[in-house]
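A.B. asks: Starting off with a structure, shown below.
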Amino acid sequence: MQSRGSSPRQRFGKRNGSDPDSNKSAGINGHTFDSLETYTVEDAIESIGFGWFQIKIFVVGKLIAAADAMEMMMLAVLSPLVRCEWQLEDYKVAFITTAVFIGMGVSAPLLGIMGDNYGRKTTLVMITLWIGFFGFLTTFSPSFAWILILRGLVGFGMGGSPQGFSLNAEYVPSKYRAKLLVFGTIFWTMGGVFEIVLAMIVVPTLGWRWLLALSAIPVLIACVGLIFIPESARFLVAAGYIDDALIILERAAKINHSKLPEGKLVQSQNVALGRLKDVFSREYLRSTLQLWLLWFGVAFTYYGMVLASTEVLRIRNEEKSSKCKCTYLTTDDYVTMVLSSLGELLSLPINFLLIDRIGRRFTGAMCYFASGFFFVLIQLQVNLGVLTMLMFFVRGFSSATFNFVYIYSSELYPTSIRTLSMGMASAMARVGAMVTPFVAQVLLSHSIATATWVYGGLCIICSICCLLLPIETKGRALPQSLSCEPSDSIELSETSSQYHESDPDGTVSTIEQEKNNLRARKKKEKEWERWGGGESES
């Protein structure tokens, strides 16, 4: 068995074995090519198309996401239970949630670097085992301090969740990428709903410790599914292990009853993986800073609604009861939470209809604004049915916003820094999630109106930020490296030829423009060779 600390060379074997100096044509712009009949991993993914190969990876990845959703929803269910058993103050209850997100914030960039240097699959195996182990160990927490420590360790593992999203995105053709990744919301939503139903059944009879134990089992089961999915071919090519990537791509083409492009799979150029300075390069600095605000805002709002839902219901029950901050959730409360959680399915038609039509930026702006609007309305004195509807819409639009930031971020950054940059953005989301318990569980208990306006105001700021993003990623192929990478084919691929058609405002990144210029130059050189050959024959 390969040790966890092994290098990529040891784990994936030999790099492309051909002599790097043999059979190369003249260089273009500092690049050399094995032959004119070559192709990149991007062309291979587009040629393979969508089929059972991608579905298998998608299902395994989303089962892990569903297990993560159970761990997150547990935070909302657990709060009123430990509050009563240990007679906790509001700020201590908030710290239980904050501990999880502190762990996620610390680990997200670290696991991002690991994913970019050692592979997405390797990192996923490690974090799923980690989450399951420490999640189960939390069952035996003897005190408030221990539950903080163990939930923080669970959060440390959950900081690697973007790895699964990156692995899915890197195998899906651009035509289907946004729609398929949006469809994954169903798994996250069902994981959260399952946790609420499990709590409704287990807590009244067995108690919250059994809820923790049973909630840890699904993530361990999902880990088994990782045996049946491959490492990211984009990662392998970026790391220089082209032979290993080719084996995976050939198997993928066979499963999908398709074939790879003619020619040879090539590495565009040797690139450094997971370099921190590339995230802040001139090409991506502005986008990175704006994305950090958007990730902060979406986590602050989404998890704020998850936590606020139980707090609002608890406050309503306290007003009808003589008990003081020791009111358990009723069956009606659990039903309200289930219905509001199902609101996340609203993100499916929103993103399916808009994200590939009006673009990522406008879709994100609309979802942020709608989330804030409905969040503010929660302060109104309404009956339980209307309150459930308002929570339904907040969950729906905030979930759609989460889809937007994940899709946009995975499409914006090149493979060489994709999981690092998403890990850092995810760390900013965890900062938002660390802060939100003190608004949703502390401030809200003193003033619902003030708390809801905090959420509404931040959502409006994020909505404006979406409109000001410098790059629209709609119709844009996933870049492989930070600098210009040569094309494998002489003529533009279908996805490449759509860059300018789908981006009339000129928002395509300079990386893609240089790639297109390089392809055009190679085409002209081939035409020149043909013309010269014809003249000599005459």
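The values are calculated or read from the model by the stated rules, or taken from the named source; none is laboratory data. What you see is a predicted model; the values in this text were computed from it and never measured. For neighbour counting, all protein chains shown are included, and Cβ atoms are generated from backbone atoms with ideal geometry for every residue, glycine included. Note: accessible area is taken over every heavy atom of the protein model, side chains too, but ligands, DNA and RNA are not part of it. Shrake-Rupley method; radii C 1.70, N 1.55, O 1.52, S 1.80 Å.
A.B. asks: Treating only the Cβ of Lys, Arg, Asp and Glu as charged (+1, +1, -1, -1), what charge dipole size does the range 44-184 show about its Cα centre? Round to the nearest 20 debye.
C.D. replies: Values: 10 positive and 8 negative charges, 82 e Å.
Using only the charged Cβ atoms, the result is roughly 400 debye.
A.B. asks: Ok, one more. Per residue of the range 452-469, in order, report the coupling 6.51 cos²θ - 1.76 cosθ + 1.60 (Karplus, θ = phi - 60°) as ³J(HN,Hα) in whole Hz, putting x for Gly and Pro.
C.D. replies: 5, 6, 4, 5, x, x, 5, 5, 5, 4, 5, 4, 5, 4, 4, 5, 9, 4
A.B. asks: Another question, if that's okay. Give Lys175/Lys259; Lys56/Lys175; Lys264/Lys474; Lys56/Lys179; Lys56/Lys121 a once-over and call out the pairs whose C-alpha atoms are over 23 Å from each other.
C.D. replies: Table pairs above 23 Å Cα-Cα are Lys264/Lys474.
A.B. asks: Amide H of Thr38: which non-local residues (sequence gap of 5 or more, or other chain) have their own amide H closer than 5 Å, using H built in the peptide plane?
C.D. replies: Amide H neighbours of Thr38: Lys264.
A.B. asks: Ok, one more. Using only alpha carbon pairs under 8 Å that are at least six residues apart, calculate the relative contact order of the range 334-414 and give it in whole percent.
C.D. replies: This gives 48 percent for the range 334-414.
A.B. asks: At 10 °C and 1.306 mPa s, what whole-number value in µm²/s does Stokes-Einstein give for the translational diffusion of the range 400-453, with Rh from the Kirkwood sum over Cα pairs?
C.D. replies: So the translational diffusion coefficient is about 123 µm²/s.
A.B. asks: Enumerate the calculated ³J(HN,Hα) couplings along the range 137-142 in order (Karplus 6.51 cos²θ - 1.76 cosθ + 1.60, θ = phi - 60°), each rounded to whole Hz, writing x wherever the residue is Gly or Pro.
C.D. replies: 5, 4, 3, 9, 4, x
A.B. asks: Which length gain, in nm to one decimal place, applies between Leu129 and Trp146 when the Cα-Cα distance is subtracted from 0.36 nm times their residue separation?
C.D. replies: Gain on stretching Leu129 to Trp146: 4.1 nm.
A.B. asks: Note down the relative contact order for the range 75-181 as a percent, whole number, built from C-alpha pairs under 8 angstrom at least six residues apart.
C.D. replies: 34 percent
A.B. asks: So if we plug the beta-carbon distance of Val197 and Ile227 into 1/(1 + (r/R0)^6) with R0 = 41 Å, what FRET efficiency do we get, rounded to 0.05?
C.D. replies: For Val197 and Ile227, the calculated efficiency is 0.90.
A.B. asks: To continue, here is another question. Suppose R0 equals 25 Å. What FRET efficiency, 1/(1 + (r/R0)^6) with r the Cβ-Cβ distance, do Arg209 and Glu89 give to the nearest 0.05?
C.D. replies: Step by step, r from the Cβ atoms, then E = 0.70.
A.B. asks: At 7 Å along the Cα-to-beta-carbon direction for both Gln290 and Arg316, put a label point, then send me their distance in nm to one decimal.
C.D. replies: Here the answer is 3.9 nm between the modelled labels.
A.B. asks: Pairs of alpha-carbon atoms within less than 8 angstrom and 6+ residues apart define the contacts here; what relative contact order does the range 292-445 have, in percent? Intermediate values should be presented prior to the final figure.
C.D. replies: Details: 161 pairs, mean separation 70.5, N = 154.
After rounding, I find 46 percent.
A.B. asks: Here's another thing I want to ask about it. Using a simple spin-label model with points 7 Å from Cα along the Cα→Cβ vector, what separation in nm is obtained for Ser281 and Lys254?
C.D. replies: Reported label-point gap for Ser281 and Lys254 is 3.6 nm.
A.B. asks: What is the spin-label model distance, in nm, from Leu110 to Leu377 if the labels are put 7 Å beyond Cα along the C-beta direction?
C.D. replies: 4.3 nm
A.B. asks: Working with all protein chains in place, sort Ile315, Ile221, Ile57 by solvent-accessible area computed with a 1.4 Å probe, largest first.
C.D. replies: Ile221, Ile315, Ile57
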